[in-house]
Amino acid sequence: MKRRLFLTLAAVATGSMLAGAPMAQAADPVKIGFLVKQPEEPWFQDEWKFAEMAAKAKGFTLVKIGAPSGEKVMSAIDNLAAQKAQGFIICTPDVKLGPGIVAKAKAHNLKMMTVDDRLVDGSGKPIDSVPHMGISAYNIGQQVGKGITDEIKKRGWDMKEVGAIAITYEQLPTAHDRVQGATDVLLKAGFPKANIISAPQAKTDTENAFNAANIALTKNPQFKHWVAYGLNDEAVLGAVRAAEGRGFKADNMIGIGIGGSDSALSEFKKPNPTGFYGTVIISPKRHGEETSELMYTWITTGKEPPKLTLTQGMLATRENVGQVREQMGLAAK
């Protein structure tokens with residue numbers, strides 16, 4: 001019995017040496033971390049849900065970790081290493097933590113991939129060496145801008161009488177690029193540059209967007225109509241609520257968000273239309289499921305994920321939201 005056991009262990013050891021690469025062997029249980037910056041947000045909950053589907057299908061253990069600060073990110077990576085995880089996927093609370101996160105992962109010999117927000121180096125440039133799945137923030141912003149300009153034209157508004165609330169959050173490159181994309185489309189369509197009002201929000205939630213939009217509305221009483229755009233649905237909903245407080249309802253307000261969040265869907269279900277006209281839906285399915293599958297393949301076969309994968313969005317309104325969600329592989333809500 002002892003001799004058989006010795007031979008078995010020797011065979012395993014030989015196999016490991018022949019493999020020569022830091023990948024999980026067939027007998028090793030695969031464990032993958034999935035770190036998100038705002039675990040309470042529906043988007044990240046959905047990413048986790050789809051990641052769990054991949055874990056169930058492939059037979060690996062998924063470790064879900066909420067990491068809303070740099071300190072928690074670093075301790076989470078240490079924790080994953082202690083649990084003998086082989087890799088992790090992360091949406092970091094601060095992209096400027098990039099070099100530190102990469103160094104920490106390397107120190108623990110952990111494979112890593114980013115999702116949603118891409119890490120940047122000390123000079124603010126993307127860290128190309130880390131595989132990333134995200135959305136072309138600028139292109140998504142352009143979709144928002146096109147949706148707004150199309151609706152302005154459909155309503156026959158004079159652009160000189162329309163104000164645009166651009167809810168900004170310059171700390172996050174994704175937010176900057178989305179807002180810039182929408183702004184560029186508006187300007188190209190002939191929208192007056194002076195009518196675009198930058199409204200900086202302190203945090204990326206509805207309350208802070210409401211406060212930012214309120215200031216913009218107070219300082220610019222000259223406009224007959226308003227449009228609004230920003231990083232996500234929450235930013236635009238804040239602007240819509242602020243505009244409602246000034247008497248601007250659905251007939252005089254066009255807000256288009258990004259994300260297709262539960263808050264956006266709830267807005268569409270209200271008995272009467274509001275100023276929240278639409279949302280560019282981006283599906284968390286690939287971001288949760290496919291990233292996890294790619295990481296699993298990397299760990300078990302050594303095949304590295306593509307350096308950059310960009311997913312697409314679709315504009316949804318009250319009229320077509322069910323159809324768009326179905327096309328994006330999302331269940332009815």
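The values are calculated or read from the model by the stated rules, or taken from the named source; none is laboratory data. Please read all numbers here as calculations on a predicted model, not as lab measurements. Positions of Cβ are backbone-derived with ideal geometry, glycine not excepted, and every protein chain shown enters the neighbour counts.
Tabulated data for the structure shown
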| quantity | calculated |
| --- | --- |
| Failed condition for Ser261, given (1) among the small types (Gly, Ala, Ser); (2) free of Cβ contacts under 8 Å to residues at least 12 places away in the same chain; (3) buried (at least 17 other Cβ atoms within 10 Å of the Cβ) | (2) |
| Hits in region 247-276 (condition: of a type in the set (Gly, Ala, Ser) and either within 15 Å of Ile140 (Cβ to Cβ) or assigned to a loop (DSSP other than H, G, I, E, B) (or both)) | Gly247, Gly257, Gly259, Gly260, Ser261, Ala264, Gly275 |
| Residues of region 182-199 classified as part of a helix (DSSP H, G or I), under 23 Å from the mean Cα position of the chain (by Cα) and buried (at least 18 other Cβ atoms within 10 Å of the Cβ), total | 3 |
| Identity of the residue in region 169-180, aliphatic (A, V, I, L, M) and part of a helix (DSSP H, G or I), that ends up surrounded by the most Cβ atoms within 10 Å (Cβ to Cβ) | Val179 |
| Boolean, Pro271 is within 30 Å of Ile127 (Cα to Cα) and at pLDDT 95 or above | no |
| Count - residues of region 136-168 that are buried (at least 21 other Cβ atoms within 10 Å of the Cβ) and not in a helix (DSSP H, G or I) | 7 |
| Region 154-178 - residue that is in contact with a helix residue (DSSP H, G or I) (Cβ under 6 Å, 6 or more places away or on another chain) and over 16 Å from Gly275 (Cβ atoms) and, of those, modelled with the lowest pLDDT | Thr174 |
| Residue match in region 300-314 (condition: surrounded by 20 or more Cβ atoms within 10 Å (Cβ to Cβ) and on the phi > 0 side of the Ramachandran plot) | no |
| Qualifying residues in region 205-258 (those that are in contact with a helix residue (DSSP H, G or I) (Cβ under 7 Å, 6 or more places away or on another chain) and of a type in the set (Phe, Trp, Tyr)) - the one surrounded by the fewest Cβ atoms within 10 Å (Cβ to Cβ) | Phe223 |
